[in-house]
1. Apply 1/(1 + (r/R0)^6) to the Cβ-Cβ distance of Ser513 and Ala233, taking R0 = 45 Å, and write down the FRET efficiency to the nearest 0.05.
2. Stretch Arg157-Ala665 to full length: gain in nm at 0.36 nm per residue minus the Cα-Cα span?
3. Tell me, what is the per residue accessible area of the chain in Å², probe radius 1.4 Å?
4. Would you please state which residues of the stretch 26-69 a label at Ala350 would reach in this model, taking the label point 7 Å out along Cα→Cβ and a backbone N cut-off of under 15 Å?
5. Would you mind classifying the stretch 563-621 by shape? Square roots of the alpha carbon gyration tensor eigenvalues, ordered a ≥ b ≥ c; an a/c under 1.5 is rounded, otherwise it is prolate if a/b is larger than b/c and oblate if not.
6. When the accessible area of the stretch 12-67 is computed with all protein chains present and a 1.4 Å probe, what percentage of it is carbon and sulfur?
7. For the stretch 522-632, compute Rh as the Kirkwood radius over C-alpha pairs and then the Stokes-Einstein diffusion coefficient at 10 °C and 1.306 mPa s; write the answer in µm²/s, rounded to an integer.
8. Average projected area of the Cα convex hull of the stretch 99-177, in nm²?
Amino acid sequence: MSRLNFSIAAEAAGSGARAAAFETLHGRVQTPVFMPVGTQATVKCQNVDTLRESGSTVLLANTYHLMLRPGTEVFQAFGGIHRFMNWDRPVLTDSGGYQIFSLPHACRMSEKGALFQSYIDGRWFLLSPETSLAMQKAIGSDIMMVLDQCIPSTASRPEAEAAMELTHRWALRSLAARGDSPQALFGIVQGAAFPDLRAASAAYITSLPFDGFAVGGLAVGETKEQREDLTEAATALLPRDRPRYLMGVGTPVDILEAVHRGVDMFDCIIPTSLAQRGTAYTSEGRLHMRRGLYRLQDRPLDPACTCPTCRLYTRAYVQHLIKAGETLGWHLLGQHNLYFYHRMMQEIRAAVVDGSFPGYYGEKRESWARVDGDDAATVHPKPRLPRRMLLGDYEVLTAPQGFSSIRQNSSGEVMHSVSNPVEEARLLYIEQSHLGARLRATDAPELVIWDVGLGAATNAMAALRCWEEALLTHTSGPVRPLRIVSFERDLNPLRLAIRHSARFPHLHHAAPSALLRGAHWEHPSGRLRWTLLEGDFLAQMAAAPRPDLIFYDPFSFKTDGPLWTPGTFARIADATARGATAFYTYSTSTAIRAALLWAGFYVARGVPIGPKAETTAACTHPGCLHVAGYPALPLLDRHWLERWERSGAKFPAGVAPEAQAAFEARIRSHPQFADAGAGDAGRAHAAAGMKGYS
Ligand SMILES: [Zn+2]
């Protein structure tokens, strides 16, 4: 029997959205509901009166932080958080699982729980299902959460499976620890990004007598589309007669999309943390109150808003407070943003109740995408034309989504043209190569990366950050030494990006400037070295140590033709001494894949990035793309070969008409396309065959 007496008032036709209500020990809650985050038994820069006035009904408090300070005995002495902080409405406490997840290097996980050291006074704490529940009972929250093991949604399957099973065992222990307390308790569905694990987790957790269910482990690394798909799949598996809570989400559009998929409860730090940075959510979009534009504006933040900030103060005054660093500015913006969020939740609920939600959803998802956007141009339709940022043949471009890239003006080519360069570098080169896992291979010799096409150092810095992160989080042995060798002919793109480094946050580090000055940078530990080989790649290649990984990112064939020929790939294969080298590139050109096959590489379909459905990965042995515990990339198969044979663009440039038959024969006899079982013989044959061409 549920302790919350959850009831549904209305459900939207053609949508998962619903308007519901439940009863807690401190009053009734109408959903969908947004819960402001009150980490330290206070919502930052607000007091309980302004919270009530902005429409807050439930606050979220963090068990982990309150356990460390002020500590369980303070809550016991005061009879709970309500009297302690003078808040008489409901409170939900999280279990501490998420905080433990975000401090993995300071914590030891075991079946029993997470043992961690206080960041305040160095004392050791055990956060277990039992201690978490004891603390939440002392806090006296209306809704408690089970302790779960949260992992990144990008985790490998074995990690995700293990975390899910531990979470299930902890769920049982949490229920036992709750006992006959009148406080409600929510279960958490885990399973990372694996739909079958999520389904298994939902089936198990919903079989237990929880008062509500949370979808956990989202908003920690997946894309927006993935999150929406996972949310939809997860809510479909949750019972209709219990509240559903999506933890840690999100922006207005994220919330709208999740309501549409059947979620009732949300929490997020966005309204108050953006207020601290001077940002206001308004019906006209996001305003960045630090901008000089508002200095003389004698009008409210949002003319459509009736919050106290908008009723009583001008944009000019709010801007002055923000620029002067006055906490009143943070307070006023925070109150307005919370008001904006709560009013949005009320509008959503009203639309579900009066049957207009489908139309409302269609209209608002577009205008709220604008509200979510970080681009001043959408707020102020005619921005001043920015001064062009040029150096040599290169120019800085800024996309409407806010990220910047470098364009070569003579060719018109944009470096990382399809999506945010930093994101592209992470997906295509760092995650796809499982660099983090490779760096955690203790006792392995120095890992060598060839970074072909330094550009604005996006790929090299992604590798460097990955190593630094491994250094921070890897506690079971020394991190593997890393050597990055960057090849570049023209250093102007990097100079230009450093000159405008506000637009290239990945360069906020001592290394790129040091590399420009002295062609070398070394981490103080001596275990990470970054070297620049300036000049033509083919001429410089001999000076570089044998690579384990190659990030191949020159301009396209049109601009950098010589770097995409069969002969060049054969020279690269030679430089690897046909050792275990994995090669990644953005190109998916059929002719370029054929050139790689001809040079003796095994070629696989790489991960998608942005709008591109796939990229290309290659390796000198079929096994060296694979890292234990992660799914293998699919090698091009016979279907690809058949399509290649029919293709009108099958031969790379430089293959003379009289050489085409031999080229074709060599692709056809590549061991990659040999029938299963013929593998080893096929490889030996290929190795012998390759010799004549290299
Ligand atoms: Zn307002």
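The values are calculated or read from the model by the stated rules, or taken from the named source; none is laboratory data. Being a predicted model, the structure only gives us computed values, none of them experimental. With ideal geometry, Cβ positions are generated from the backbone for all residues, glycine too; neighbour counts draw on all protein chains shown. Remember, those area values only see protein heavy atoms, side chains included, never the ligands or the DNA or RNA. Shrake-Rupley method; radii C 1.70, N 1.55, O 1.52, S 1.80 Å.
1. Given R0 = 45 Å and the Cβ-Cβ separation, E is 0.45.
2. 178.9 nm is the gain from fully extending Arg157 to Ala665.
3. Value returned for the chain: 41 Å² of accessible area per residue.
4. Output list for this probe position: 32, 55.
5. Taking the square roots of the gyration eigenvalues as a ≥ b ≥ c, the stretch 563-621 is prolate.
6. That share works out to 50 percent.
7. 105
8. Seen from a random direction, the Cα hull of the stretch 99-177 projects 5.7 nm² on average.
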